[in-house]
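Data block below; observations after.
The values are calculated or read from the model by the stated rules, or taken from the named source; none is laboratory data. Just so you know, these numbers come straight off a predicted model, no measurement behind them. Virtual Cβ from ideal backbone geometry, glycine too; neighbours counted across all protein chains shown.
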Amino acid sequence: MKKFFIIYFIGLFSFTFSQKISLKEVSHAENLNAESIAKYLARKLEANYKEKDKAAYYDTLFRLNIINENYDLALSEIDSLRNIYIKINPALTMSTGSQFEIYINTVKRNPTEKDFDKVYEEEFRRKYNAASLKSQILFPQYFIYNEIQTKKEIDEIIKKSLKTDSIEVNDAITLCRRYNTYNVGKKTFVLGSRLVKELEKEEFIIYDSIKINTKNNNILTLSVVLSKKNKEQLQNTVLINTIYSDERNINDAKEFAVNGFAGVILNTRGKYLSPNSIEPFEHEAEDINEAISWIVKQSWSNGKVGMIGGSYLGFSQWAATKKFNPALKTIIPQAAVGIGTMDFPMKNNIFTSYALRWLNYVTNTKLTDYADFNNVEKWDSIYKNWYQSGKPFRELDSISGKSNVIFQKWLTHPNYDEYWKNMVPYKKDFSKINIPILTITGYYDSDQLGALYYFKEHQKYNQNANHYLIIGPYNHSGAQGNIQSNLKGYKIDSIANIDLNKICIEWFNYTLKDSKKPAFLKNKINYEVMGLNQWKSTNSINTFDKDNLKFYLENRNNNLLLSGLYSDSKDSSLLKIDYKDRSDADDLLKLKYDVVEDKIYNKNNLIFSTNTFEKPFEFSGNFSGKIKFSVNKKDVDLYAYLYELMPNGKYFLLSTYLGRASYNKNSEKRKLLTPNKKEVISINNNEFVSKRIEKGSKLVLVIGTVKSPFWQVNYGTGKDVSDETIADAKEPLEIKFYNDSYIEIPVLR
């Protein structure tokens, strides 16, 4: 339920002028400084700026006009930006840009330097008091920024651009945005932050930076927010456990306080004010239960606790059920990380390079290192250097310039062993979980595999599980309530744009306050059919396995077909890949895998296609299959991407599979292949999706072996993959996919 994102966009811009702006007019000026350059660029950009995405357009334009001192125009553009999102999240939308609106209204009154703070406070209070309580909660986040870092980023762009007397348009936009924040922030953010703290004391009782000592002498830090309206009552508690320590997290607790709960933010051991080492995922099962025991002893607690949160925060709720505290009455895991081999840091036993980036994100500081994490250029360069060097995956952290103990520890656990099992419920542990649960994920959520792993295991081991699921066309952020209307090129159905945050509050009222169940939850599984603009529901995950279309991967006279008819042919489709060749690094790093794409990557893979469908049908569930192959190595990592090739010629991504062949039958124990022997792997643990396949469409399957800067490179020697090097590549990999391989598509008639 993250709310502290600020609506802003730096996307692909369209301009009526050159993609570079000359700086010759200002580069030799006597009083050249960041202000003069920013004002020069803002004038140039404002006069010619065009952008198809209206939100991105207004979000950049109002900042340019603040620099240009076109204040009335800037206010109008802030309103235009808010109007775009008003139906999605009114509280967030109406507070967005408040720090700039207050500044503009202050400057418009032409105060003297002596009176500036007084006038600013008047404008601040006017805006704050006019806002709803939910909007007021969001105010603190708008007055937090790193002045030194922002100035450094501005200076770096200027220094780079002055060398050539010109600046890239995207750099010019970034510079202007940074300068606007720097200029307004330097003048007003300290005052704004002070005023927020004064005003919020009128609504909330806030206990920040509480330290609790655990039984094992570890220290945890948490924050508590209570509404003054409810201070005389014993309260239900909503607990959020997070590793993303940040001052703004307190806003989430405030939101629950507004809705009649005690809001508690618990920081992972080692984070915030905890002096312990930061060891992600390892201690949640123990620490959360200690925190819950502390909560129920407080004078304001009624003894009942619920939990919510997404990603790591979703994982932590499942960790809390490992050693169950009876005071925990419900959880809402959103986009929950499936820790270990099923999701992160591995997908079907293949480690991702992203794991190191994420570890730095959460372990570099006691807070959260956004600057390092968001430095995509830096991390792509690290991935590329490792990939092109051919060094073992185990050296990725040293290549990055900073060793990471946790990363090295993870690499010693390439299968689903006791290390991972100790973090969350395992098999029969799920049978003991009898609290109501609401899982939320999305078709394009990077942690969908984790979210559905927990859901399916709970259903499997507890036949009476009171467990509900909401799944729709959402990415990782969308599954946490920040739904995007345009998702990587796909404009989601209007009916999919639901208020997940409202449903979560209704769920807590239902489970903790004995109110009605959220009306949206018709049955246990609630899913939106893309293209049909309709929510459907069922009570069993088995609903999606009842009817399937089977397609064989047939090579018919060198035409690669997804054929509905089985062929007795012994033919196969050959794929030959030289693992010593790293010339593809840049191409691979550029791949976006949007939901809708004009073309698909067609190097080092095979592409199979069905005939055109004469009737539309509903594809709902997970595609599955048996891939029968032989390879001249002892192991191989395979991927399979399934698309709908629509009548308009665009490709719609449906689902993906990625997995290590030697772990396909058992993620807990590796079994190597016999070179050149026919083998079989099952396609499983891939993304669930629901979409209406259009008349005139085809299904397209892209299948290949994993060789990418984003993943471990499995050279097939049978050694620990983290230790293999490019010297192990030797002869090119040759893999034959036999004609009796097949995939099955779940169809709802």
Give segment 253-264 a look and list any residue that's under 26 Å from E279 (Cβ atoms) and surrounded by fewer than 24 Cβ atoms within 10 Å (Cβ to Cβ), or say none. none
Those residues of segment 468-481 which are surrounded by fewer than 22 Cβ atoms within 10 Å (Cβ to Cβ) and either closer than 23 Å to W420 by Cβ or out of contact with any strand residue (DSSP E or B) (no Cβ under 9 Å at 6 or more places or on another chain) (or both) amount to H476
When you look at L512, is it in contact (Cβ under 8 Å) with a residue 60 or more places away in the chain, surrounded by fewer than 18 Cβ atoms within 10 Å (Cβ to Cβ) and out of contact with any His (no Cβ under 9 Å at 6 or more places or on another chain), yes or no? no
Restricting attention to segment 352-371, the residues that are among the hydrophobic types (A, V, I, L, M, F, W, C) and either loosely packed, with under 15 Cβ neighbours inside 10 Å or farther than 21 Å from M342 by Cβ (or both) number exactly 2
Output the qualifying pairs, or none if there are none: Cβ atoms under 7 angstrom, residues six or more apart or on different chains, first residue in segment 649-677 and in the same structural domain as K633 (by TED's automatic domain parsing), second residue part of a helix (DSSP H, G or I) and not basic (K, R). R670/S662; R670/Y663; K671/S662; L672/S662; L673/A661; L673/S662
Select the strands (runs of 3 or more DSSP E) contained entirely in segment 481-558, then report the ones holding at least 2 residues which are at pLDDT 95 or above and under 21 Å from I308 (Cα atoms). 525-529
Check off (1) crowded, with 17+ Cβ neighbours inside 10 Å; (2) touching a residue at least 60 places away in the same chain (Cβ under 8 Å); (3) within 30 Å of Q235 (Cβ to Cβ) for V529 and give me the number that stays unchecked. (3)
Is segment 305-321 home to any residue that is more than 23 Å from the chain's Cα centre (by Cα) and within 30 Å of I683 (Cβ to Cβ)? yes
Filtering segment 720-747 down to residues that are part of a strand (DSSP E or B) and buried (at least 17 other Cβ atoms within 10 Å of the Cβ) yields L733, I735, K736, F737, Y738, Y742, I743, E744, I745, P746
So, in segment 546-574, how many residues would count as being buried (at least 19 other Cβ atoms within 10 Å of the Cβ) and aliphatic (A, V, I, L, M)? 3
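Condition check ((1) surrounded by 15 or more Cβ atoms within 10 Å (Cβ to Cβ); (2) in contact with a helix residue (DSSP H, G or I) (Cβ under 8 Å, 6 or more places away or on another chain); (3) within 26 Å of T321 (Cβ to Cβ); (4) not assigned by TED's automatic domain parsing to the domain that holds L589) across all residues:
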position	(1), (2), (3), (4)
F373	yes, yes, no, yes
V376	no, no, no, yes
D380	yes, yes, no, yes
Y383	yes, yes, no, yes
S389	no, yes, no, yes
S398	no, no, no, yes
S403	no, yes, no, yes
K428	no, yes, yes, yes
Determine, yes or no, whether K671 is over 24 Å from the mean Cα position of the chain (by Cα) and on the phi < 0 side of the Ramachandran plot. yes
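If I ask for residues that are among the hydrophobic types (A, V, I, L, M, F, W, C) and either free of Cβ contacts under 8 Å to residues at least 60 places away in the same chain or touching a strand residue (DSSP E or B) at 6+ places or on another chain (Cβ under 6 Å) (or both), which ones from segment 573-612 would you list?
L574, L575, I577, L591, V595, V596, I600, L606, I607, F608
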Please give the number of the condition N276 fails out of (1) within 17 Å of T363 (Cα to Cα); (2) free of Cβ contacts under 8 Å to residues at least 24 places away in the same chain. (2)
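Being modelled with pLDDT under 80, out of contact with any helix residue (DSSP H, G or I) (no Cβ under 6 Å at 6 or more places or on another chain) and either assigned by TED's automatic domain parsing to the domain that holds S485 or among the charged types (D, E, K, R) (or both) narrows it down to one of K87, K44, K50, so name that one.
Matching residue, one of K87, K44, K50: K87.
Out of all the residues in segment 507-529, is one or more of a type in the set (A, V, I, L, M), touching a Pro at 6+ places or on another chain (Cβ under 6 Å) and within 15 Å of Y443 (Cα to Cα)?
no
For residues that are of a type in the set (S, T, N, Q) and part of a strand (DSSP E or B), tally how many sit in segment 201-237. If you could, list the steps in order and put the result at the bottom.
Step one: of segment 201-237, the residues of a type in the set (S, T, N, Q) are 209, 213-214, 216-218, 221, 223, 227, 230, 233, 235-237.
With part of a strand (DSSP E or B) added as a condition, the list becomes 209, 213, 221, 223, 227, 235-237.
Adding up the residues that qualify gives 8.
Which residues, taken from segment 468-507, are charged (D, E, K, R), under 19 Å from Y593 (Cβ atoms) and in contact (Cβ under 8 Å) with a residue 24 or more places away in the chain?
K488
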Restricting to segment 674-719, count the residues that are part of a loop (DSSP other than H, G, I, E, B), among the β-branched types (V, I, T) and surrounded by fewer than 20 Cβ atoms within 10 Å (Cβ to Cβ). 3
So is G625 of a type in the set (G, A, S), within 22 Å of E744 (Cα to Cα) and in the same structural domain as F710 (by TED's automatic domain parsing) or not? yes
One residue is enough: does segment 291-304 have a residue meeting the conditions buried (at least 23 other Cβ atoms within 10 Å of the Cβ) and in a strand (DSSP E or B)? no
Take E198 and decide whether it is assigned to a loop (DSSP other than H, G, I, E, B) and either free of Cβ contacts under 8 Å to residues at least 60 places away in the same chain or within 17 Å of Y49 (Cα to Cα) (or both). no
Just the residues that are of a type in the set (A, V, I, L, M, F, W, C) and more than 16 Å from the chain's Cα centre (by Cα), please, taken from segment 357-370. L367
How do the pairs read when you match residues in segment 705-725 that are within 13 Å of S662 (Cβ to Cβ) with residues anywhere that are basic (K, R) and buried (at least 22 other Cβ atoms within 10 Å of the Cβ), using Cβ under 8 Å and keeping only pairs 6 or more apart or on different chains? N714/R660; Y715/K633; G716/K633; T717/K633; V721/R660
Going through D635, D568 one at a time, which residue ends up being out of contact with any Asp or Glu (no Cβ under 8 Å at 6 or more places or on another chain), of a type in the set (D, E) and without any contact (Cβ under 8 Å) to a residue 60 or more places away in the chain? D568
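Hey, does segment 439-448 have a residue that's under 23 Å from V596 (Cβ atoms), at pLDDT 95 or above, of a type outside the set (D, E, K, R) and surrounded by fewer than 22 Cβ atoms within 10 Å (Cβ to Cβ)?
Yes, the conditions are met somewhere in segment 439-448.
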Restricting attention to segment 117-163, and to residues there that are in contact with a Lys or Arg (Cβ under 8 Å, 6 or more places away or on another chain), farther than 16 Å from K197 by Cα and touching a residue at least 24 places away in the same chain (Cβ under 8 Å), which single residue is surrounded by the most Cβ atoms within 10 Å (Cβ to Cβ)? I154
